[in-house]
Every structure is written in C-alpha cells, then in structure tokens.
Amino acid sequence: MITVEGGCHCGHVRFEVRLESADVELLDCDCSICRMTGYLHLIVPDARFRQTEGRNDLTLYRFGSGRARHLFCQHCGIKSFYRPRSHPDAISVNWRCLDEDHGLTSTIVPFDGVYPA
C-alpha cells in the first residue's frame, strides 16, 4: 500500500489515503459543481481514507438530489474530499488537494455526473 496525504488550503483539514498502486484513475465529472470548481475525483473505499485533522472545521453543502455530502473547510472554502452521489460507499478525494510530493501518476477519465438524480 502507498499512503498519500493532503488537505485544504489553510491546513485546518488534513487527510490520508492508502492506495494499492501509484497509478490512479481520476474522474473528470461534468456536473455543475465539479465543472465550476475543476474538481478531479480520486475515488477511494471508505476503509482506505482517514481524516487526520479538522473534523470540526468542515461545513456541509447539499444540492439537487441531496445524496452527495459536499464538505468544505469553513475557513478557506476548499473541498478536499466528500461523499459523492455516484459512489455512496466511497470517498472522493480532490486530486488537486493532495500534497505536491505524492509521487502518483494519473489517467483522467470523463465521467457523466449530469445523469438524472
């Protein structure tokens, strides 16, 4: 297993992810919020994600069907990870919030996030 870390812009929210490989697939979702923020999804099973800091620094936002749990740092506004509607038993980590020295290589795959709720 490979462990990588990341967090929000201000550093209040931190997390770690355990991956099986340094080669990962990222989903480029075309839903309104992902398109507008440039979010690239690294989907990881619940058991391989751990929030290490800032549990009380997150605020929740829901829209549309309300099934996705968008979590933002209440200090800097960055969404480092969240529970997506498309993968309810996983966590979506924002590729752009991983620490820069992660050493991973990625393949970006388009993802239809506009499908009916």
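Every number in this text was worked out from the coordinates using simple rules, so none of it is lab data. Quick caveat: nothing in here was measured; it's all calculated off a predicted structure. So basically every Cβ, Gly included, is an ideal-geometry build from the backbone, and we count neighbours across all protein chains shown.
A compact table of results
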{"read-out": "Binned Cα-Cα distances of region 2-111, short to long, each 10 Å bin given as a whole percent", "value": "15, 51, 32, 2"}
{"read-out": "Lone cysteines, the chain (no partner Cβ under 4.7 Å)", "value": "31, 97"}
{"read-out": "Relative exposure of 106, 80, judged by other C-beta atoms within 10 Å (fewest first)", "value": "106, 80"}
{"read-out": "Exposed GluC sites (Glu not before Pro) absent: longest stretch of the chain, with sites in DSSP loops and at most 12 other Cβ within 10 Å deemed exposed", "value": "21-99"}
{"read-out": "Helix-only mean residue ellipticity at 222 nm for the chain, each DSSP H run of n ≥ 4 adding -39500 (n - 2.57), per residue, nearest 500", "value": "-1000 deg cm²/dmol"}
{"read-out": "Charge dipole (debye, nearest 20) of region 15-117; +1 at Cβ of Lys and Arg, -1 at Cβ of Asp and Glu", "value": "580 debye"}
{"read-out": "DSSP-assigned coil residues among chymotrypsin sites (Phe, Trp or Tyr not before Pro) in region 25-109, each with at most 15 further Cβ atoms within 10 Å", "value": "63"}
{"read-out": "Considering only the chain, percent of DSSP beta bridges that pair antiparallel, nearest 5", "value": "80 percent"}
{"read-out": "Region 1-61: trypsin sites (Lys or Arg not before Pro) in DSSP coil with no more than 10 other Cβ atoms inside 10 Å", "value": "none"}
{"read-out": "Cβ-based net charge around residue 79, under 11 Å, with every Lys or Arg adding one and every Asp or Glu removing one", "value": "+2"}
